[in-house]
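The structure appears below as structure tokens.
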Amino acid sequence: MFDVTLFGSVFVTLFVIMDPPGITPIFIALTGGRAVKVQRRMALQAVLVAFGVIAVFAVCGQQILNYLHVSVPALRISGGLLLLLIALDLLTGKADEPTQTKDVNVALVPLGMPLLAGPGAIVTVILAVQHAKGAGQQLSVWAAIIAMHLVLWLTMRYSLAIIRLIKDGGVVLVTRLSGMLLSAIAVQQVANGVMGFVHGGS
């Protein structure tokens, strides 16, 4: 039987972690200057990549981490370092320099992972699937995951109207602000990972 309470709990947790409103300025910064059709495709690609990563870790995430001898704090630190590199590109303007494969790369990294499918979301999904008992609770968890990714896609797709409103100058400003925000998120992830190592070792 479908568990509405579990669905709501997992959905709200993922919403807070994946933060659709917070991802909007970063998406705008990374996709500014491209055709609307390309931007829409990138929004869909990013969500599909995130869902694919989340789904894989939901099914066999703990086994993957155990096999590779990778801890959750290590996962958090690696994700934070990757985000920090992207933030530096945004702050220095290197992300504005287009390349032939940039559209695909941005949709995969950092939008798909680790921004959307980051360590926090991955750990949340692993624990939710592990603790779900019976077909009803499993269905509730997967329904929450799918609903969250649908919200992410709708948020990014319809944020494109903001790009048309703020024009190129506004996109540059948003890019720099997003770089600052992203660097703060990255540092926080690294700090959480380090604290995880400290508490795990104590």
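The values are calculated or read from the model by the stated rules, or taken from the named source; none is laboratory data. Keep in mind the model is a prediction, meaning the values are calculated, not measured. Neighbour counts are summed over all protein chains in view; Cβ atoms, including those assigned to glycine, are modelled from backbone coordinates with ideal geometry. Just the protein is used for accessible areas: all its heavy atoms, side chains included, with ligands, DNA and RNA removed. Shrake-Rupley method; radii C 1.70, N 1.55, O 1.52, S 1.80 Å.
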Taking Leu81, is it closer than 16 Å to Pro119 by Cβ, free of Cβ contacts under 8 Å to residues at least 24 places away in the same chain and out of contact with any Ser or Thr (no Cβ under 7 Å at 6 or more places or on another chain)?
-> no
Any residue at all in the range 126-144 that is open to solvent by 40 Å² or more (accessible area, probe 1.4 Å) and among the β-branched types (Val, Ile, Thr)?
-> no
Would you check if Leu75 is under 14 Å from Pro119 (Cβ atoms), at pLDDT 85 or above and either within 19 Å of the chain's Cα centre (by Cα) or open to solvent by 70 Å² or more (accessible area, probe 1.4 Å) (or both)?
-> no
Taking into account only those residues within the range 153-172 that are at pLDDT 80 or above and surrounded by fewer than 13 Cβ atoms within 10 Å (Cβ to Cβ), which is nearest to Pro73 (Cα to Cα)?
-> Tyr158
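To keep it simple, each residue is scored yes or no on (1) more than 29 Å from Val194 (Cβ to Cβ); (2) modelled with pLDDT under 90; (3) surrounded by fewer than 21 Cβ atoms within 10 Å (Cβ to Cβ).
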position	(1), (2), (3)
Met1	yes, yes, yes
Gly8	yes, no, yes
Phe15	no, no, yes
Pro21	no, yes, yes
Val47	yes, no, no
Ala50	no, no, no
Might you check whether a residue that is touching a residue at least 24 places away in the same chain (Cβ under 8 Å), assigned to a loop (DSSP other than H, G, I, E, B) and open to solvent by 50 Å² or more (accessible area, probe 1.4 Å) occurs anywhere in the range 97-107?
-> yes
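Residue-by-condition table, conditions (1) out of contact with any helix residue (DSSP H, G or I) (no Cβ under 6 Å at 6 or more places or on another chain); (2) among the hydrophobic types (A, V, I, L, M, F, W, C):
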position	(1), (2)
Ile122	no, yes
Val125	no, yes
Ala135	yes, yes
Val141	no, yes
Ala144	no, yes
Val151	no, yes
Tyr158	yes, no
Ile166	yes, yes
Of the residues in the range 26-41, how many are surrounded by fewer than 19 Cβ atoms within 10 Å (Cβ to Cβ) and in contact (Cβ under 8 Å) with a residue 24 or more places away in the chain?
-> 6
